[in-house]
1. Show me, for region 81-96, the HN-Hα J-couplings you get by feeding each phi into the Karplus relation (A = 6.51, B = -1.76, C = 1.60, θ = phi - 60°), rounded to Hz, glycine and proline as x.
2. Net charge near A271, counting Lys/Arg +1 and Asp/Glu -1 over other residues with Cβ under 14 Å of its Cβ?
3. Quick one: what Rg and Dmax do you get for the chain from the alpha carbons, in Å?
4. Using only Cα atoms, locate the centre of region 15-55 and the centre of region 284-345, then give the distance between them in Å, rounded to an integer.
5. Given only helices, namely DSSP H runs of n ≥ 4 each adding -39500 (n - 2.57), what is the per-residue ellipticity at 222 nm of the chain, to the nearest 500 deg cm²/dmol?
6. Given H placed on each backbone N at 1.01 Å, which residues far from V102 in sequence or on other chains put an amide H within less than 5 Å of it?
7. Can you list the residues, at least 5 places off or on another chain, whose amide H is less than 5 Å from the amide H of S115, using H built in the peptide plane?
8. Count the net charge of all other residues whose Cβ sits under 13 Å from the Cβ of F301, scoring Lys and Arg as +1 and Asp and Glu as -1.
Amino acid sequence: MYTVVSGQPQKLSHHFTLPKIISALFIVLAAIWLSVSYSVEQGLLLLVGAALGITLYHASFGFTSAWRNFILEGRGRGLRVQMLMLAIAVLLFFPTLSLGEVFGHPVNGSLAPLSLSVIIGAFMFGIGMQLAGGCASGVLFTLGGGNARMLLVLAFFVLGGFVSTAHASFWANMPALKPVSLVKTLGAPLGILVSLMLFAIIASVTVIIEKRRHGALEQEKPTAHKGLQRFFRGPWPMVWGGIALALLNYLTLVISGKPWSIAGAFPIWGAKISSALGVDVASWQFWQNPGNAKNLSSSIFSNVTSVMDFGIIAGAMLAAGLAGRFAFKFRMPVGSACAAVIGGLLLGYGARVGFGCNIGAYFSGIASGSLHGWLWVVAAFFGNTAGVYLRPVFYKNPQTAPQIKSC
């Protein structure tokens, strides 16, 4: 395999080829094994997770960076693409959720109470996004792309989520209103109209602010790759990523009966590790809930979210190998390591008490018509604002600190 550097063809190093082989083999063999050992749906969901990982990596699709760029620079391209993604998702989700089934299988949206815990958890998660340099999806796919710093973030993301389960009763007693679904209260057609109007307003505000500050809207950077080469090696236009994520989230709903989520798997991982170390996790109130008890006692490979998370990592590794950019490095300054630890804890704890992360609460919540998704995004945006201005505490030069564009 070759690339061109200064006009001369150069053979790519074997360390770009190896991740492609390993990740491709894992994806294929794991999908077959899951289909045989658990269900065809589990095998398909691993493939969907891999497609999500490829999309996130190649499109450099931003949540953390999109919000940071808007907060600091008034650049709103990332937010506008998020609104496009949500608009497509709503058009797909609302009619299906109003029917309550697809191909004869029941489907349910991502709904949660309008709780004070959503506000607090989302605010914590927002700070964690900026300190860690990534969100839930970003941590997984940048790890798959070779960013070893995200191993540290992920470890404390898992720990934070697990610790939060010990305080479940405290957060459950927070003031709360019952879940509100636009699909049920307004009906699918009117709910879609209201949602599209909100997306249009947000996108318009970003356009006005960006033009006032910069005179013109930010444009997509040109790339040397064209056609199929660009599809396989990237980078993709961010719009491609937004469209693909909406379609893949809907495919997740069709296959599994529920929307895409990420962070819900991490408390399970933490509980299983703690149980293996002798901690009596099963006696905790949170893990005595029938659904949580089943997750604790069952194989991790029977858990939809866990399987898709593994797929995201493998898909991102494959994409990085195809792009010739996979590089596993673990060196980091002390400040960066501290930010990774604190940010990871805030991400894990905040996601659990806030009823989801940027995917489960924001993306899937709003796509499901749940008002808690809108409450979450407002609180998380304020958290991101606080996190942006906390970055100098940990980084001597925040502009050169870990800024994962694709997260």
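1. Rounded to whole hertz, the list is 5, 4, 5, 4, 4, 5, 4, 5, 4, 4, 4, 8, 6, 4, x, 5.
2. Counting the neighbours of A271, the net charge comes to +2.
3. In order Rg, Dmax, the Cα atoms of the chain give 20.6, 65 Å.
4. Between the Cα centre of region 15-55 and that of region 284-345, the gap is 15 Å.
5. -22000 deg cm²/dmol
6. The list, which skips near neighbours in sequence, is V107.
7. Long-range HN contacts for S115: L177.
8. After counting each charged neighbour, the total is -1.
The values are calculated or read from the model by the stated rules, or taken from the named source; none is laboratory data. As the structure is a computational prediction, the values presented were derived from the model and not from experiment. Note that we place each Cβ from the backbone using ideal geometry, even for glycine, and neighbour counts take in every protein chain shown. Only protein heavy atoms, including side chains, enter the accessible area calculation; ligands, DNA and RNA are left aside. Shrake-Rupley method; radii C 1.70, N 1.55, O 1.52, S 1.80 Å.
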